[in-house]
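Colleague: The structure follows.
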Amino acid sequence: MNKHTLKPGLQYRAETVLYTGHFVTVNEDQPRATAVVVANGKISFVGTKEQAETYLSNEGIDYHLDEQFASKTIVPGFIEAHMHPLGAALFTARFAYAGQIERTGKGGVILPASLTKEALQAKLNAFVQAHNEAGKQGEWLNLWGLDPLLLTDETAVDRDFLDAICADSPIFYMHSSCHVAVFNSMAIEKVGFSLEDNPAFVFRKDNRLTGEVAELPDIMRAVKLGGFDMGTPEDAVAAMLGYADSTFRLGVTTMSDCGMGVPQNPYPLYQALSQMPAFKARIAAYPLLPNFQEQELAHYKEQSNDRLFATKVKHIATDGSIQGFTAVLKQGDKYYNGRESGHFQYSAETTYDNVFYAHKLGYSISFHCNGEGCTEALLDLIERMQNECPQPNVRHCLEHNQMVNPQQMDRMKKLGVVHNLFGTHIPYWGDVHATQTVGPERVKTLNPFQSSIRKGIPFAIHCDDVVTQVNPLFMMWGAMNRQCVFSGTVYGEDECLTAEQALHAVTLGAAYLMEQEHMIGSIEVGKLADLAILEHDPLQVAKQVVKDIKVHATMLGGDVTVHRSEHGTQHDETTATLTV
């Protein structure tokens, strides 16, 4: 485990600046402050203005006093510890969004949700028309964002639905989870999906393919034939610059690629971005296992700096998603609506072979995991690895781990396993979990935030963009309220986080999972000067309005950007209605 502060990725400003404001530090030894001194990209003092001035005078340090944030609340820069930024950036920039959850696109354009059959048909027909008018008839039409469970009229989106929309271009329609995709008949034929394929992943009904295909090994067959073309390196740079700007406006200073290597290795791209001051983010890259072997992992770790670090690894080929009915349930269990449990992509022995070498090398491994059965299998795997090669300092992590039960959390505690819970799943899928996937009682225990605290299991919360869009304050709201945005129903009030706990989960908790808590995640002397400057204090406003707090400015390594609307005005006028 890496405990030293990584070398600078870019040169920081040497000027010493004393900032005043209402600082919420997420440091239990000094939870509040009214002044911070920043120099060379780091925090050099935390306290009151008077204490800071005394410190600077005693040290003979010339400084500049900046009181522009004196009335603002300042928290550590937000950390998104599980996402797929390149996919989110390129999907948004290049492909047609046809989802059931509203998103924000390039330039702040709203990408509206399609919640009925008629609305979805109208949207897809418009995309087909634009596709044909661009002279692309017969070429791949790439769509994303689908979740049929969120359609209000229970429409089945399958090959027949897509054929009725378009039969003369292959359609590739990715679910929001990215664990399932739907293809029309032309695409099925083009890729060569057949009844000879594994029915666990290439679905069929009445001895006919439905067009639904689950999990990356089979979905990637379409990518290799031109579907979801990610474009040129120049396209990727432009998309990532725009994406980082949008997340920076939300106070995010560190993002993760929790599975670097799908569908290609973006490390050279990330290296180039990390050298661009215009790229407003740090990246924690998790190389995918078993794609990268010992020499490559060592190279990435050696090259790591505070703008791009690859010190942990990821294994994704386990189970799928709950809402896609591909998560692996407890043995013998079915989904609430009677559907069968999902399936592991590979055998336990193959999974062991694919990850044990990284464990032996001392890497902390993050494992994709949704279903209760997958949690059990991965804890068995981790216990086996630790018995064969004890690694007391690793922090193996179960990513999502939404269905973990209390007994499994006890095992996690004994094994030193942490987890990264899904902060936005109940807000969007709470209703369908209650009525279709796990039932009205089990939904209350999904993503057990408060239970994790009681059992002493370190955790963060995440959005998993492209699944749900990055927005840390909305994610805090989701974990504090556990309320579905569609019905207003609260699922599992006992598992709600307090404001302090939720803020920790998107800052220091996330840094801990990244093994960089000594460098980022709180406002402390010696840490990087990454801050989010807010219009209101999330620890003081009513918990229902935390999601409405505006980010006034963001600081990355001491460099400040004050955010303005599309019309060039600051956000001040939009925050007056918050209830304290």
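Colleague: Could you grab me the full set of residues in the range 290-316 that are closer than 22 Å to Thr468 by Cβ and among the hydrophobic types (A, V, I, L, M, F, W, C)?
Modeller: Matches in the range 290-316: Ile316 only.
Colleague: Another one. Of the conditions (1) farther than 30 Å from Gly259 by Cα; (2) open to solvent by 50 Å² or more (accessible area, probe 1.4 Å), Gln11 satisfies every one except a single condition; which number is it?
Modeller: Only one criterion is unmet by Gln11, namely (1).
Colleague: Can you tell me which of Tyr267, Tyr286 is crowded, with 20+ Cβ neighbours inside 10 Å, under 21 Å from Asp229 (Cα atoms) and at pLDDT 95 or above?
Modeller: After applying the criteria, what remains is Tyr267.
Colleague: Also, I was wondering about something else. Kindly provide the set of residues from the range 231-281 that are among the β-branched types (Val, Ile, Thr) and under 30 Å from Met476 (Cβ atoms), ordered by number.
Modeller: Once the filter is applied, which keeps residues that are among the β-branched types (Val, Ile, Thr) and under 30 Å from Met476 (Cβ atoms), the range 231-281 yields Thr247, Val252, Thr253, Thr254, Val262.
Colleague: Here are some conditions: (1) more than 15 Å from Gly324 (Cβ to Cβ); (2) touching a Lys or Arg at 6+ places or on another chain (Cβ under 7 Å); (3) not in a helix (DSSP H, G or I). Thr210 meets all but one. Which one does it not meet?
Modeller: Condition (1) is where Thr210 drops out.
Colleague: While we're on this one: Would a scan of the range 65-75 turn up a residue that is under 26 Å from the mean Cα position of the chain (by Cα), at pLDDT 95 or above and not polar (S, T, N, Q)? Give the derivation first.
Modeller: Taking the range 65-75 as the starting set, the residues that turn out to be under 26 Å from the mean Cα position of the chain (by Cα) are 73-75.
Narrowing further to those that are at pLDDT 95 or above: 73-75.
Add one more test, that the residue is not polar (S, T, N, Q), and what stays is 74-75.
Within the range 65-75, one or more residues are under 26 Å from the mean Cα position of the chain (by Cα), at pLDDT 95 or above and not polar (S, T, N, Q).
Colleague: Suppose we keep only residues that are part of a helix (DSSP H, G or I), open to solvent by 20 Å² or more (accessible area, probe 1.4 Å) and not β-branched (Val, Ile, Thr) within the range 88-106. Which one would you say is nearest to Trp140 (Cα to Cα)?
Modeller: For the range 88-106, the residue satisfying everything is Arg94.
Colleague: Would you tally the residues in the range 507-548 being crowded, with 22+ Cβ neighbours inside 10 Å and of a type in the set (Val, Ile, Thr)?
Modeller: 5
Colleague: Only residues that are assigned to a strand (DSSP E or B) and over 19 Å from Ala553 (Cβ atoms): list them for the range 18-43, please.
Modeller: Arg32
Colleague: Another one. Conditions first: (1) open to solvent by less than 50 Å² (accessible area, probe 1.4 Å); (2) in a helix (DSSP H, G or I); (3) in contact with a helix residue (DSSP H, G or I) (Cβ under 8 Å, 6 or more places away or on another chain). Asp218 passes all but one, so which condition is the exception?
Modeller: Against the list (1) open to solvent by less than 50 Å² (accessible area, probe 1.4 Å); (2) in a helix (DSSP H, G or I); (3) in contact with a helix residue (DSSP H, G or I) (Cβ under 8 Å, 6 or more places away or on another chain), Asp218 comes up short only on (3).
Colleague: From the set of residues in the range 460-486 that are without any contact (Cβ under 8 Å) to a residue 60 or more places away in the chain and surrounded by fewer than 24 Cβ atoms within 10 Å (Cβ to Cβ), which is farthest from Asp410 (Cα to Cα)?
Modeller: Across the range 460-486, the extreme among qualifying residues is Val485.
Colleague: Something else now. Out of the range 460-514, which residues are assigned to a strand (DSSP E or B) and under 21 Å from Ala285 (Cβ atoms)?
Modeller: First pass over the range 460-514, keeping only residues assigned to a strand (DSSP E or B): 460-462, 483, 490.
Those that are assigned to a strand (DSSP E or B) and under 21 Å from Ala285 (Cβ atoms): Ala460, Ile461, His462.
The values are calculated or read from the model by the stated rules, or taken from the named source; none is laboratory data. Computed from a predicted structure; not experimentally measured. Positions of Cβ are backbone-derived with ideal geometry, glycine not excepted, and every protein chain shown enters the neighbour counts. Quick note on the areas: whole protein, heavy atoms, side chains included, nothing else; ligands and nucleic acids left out. Shrake-Rupley method; radii C 1.70, N 1.55, O 1.52, S 1.80 Å.
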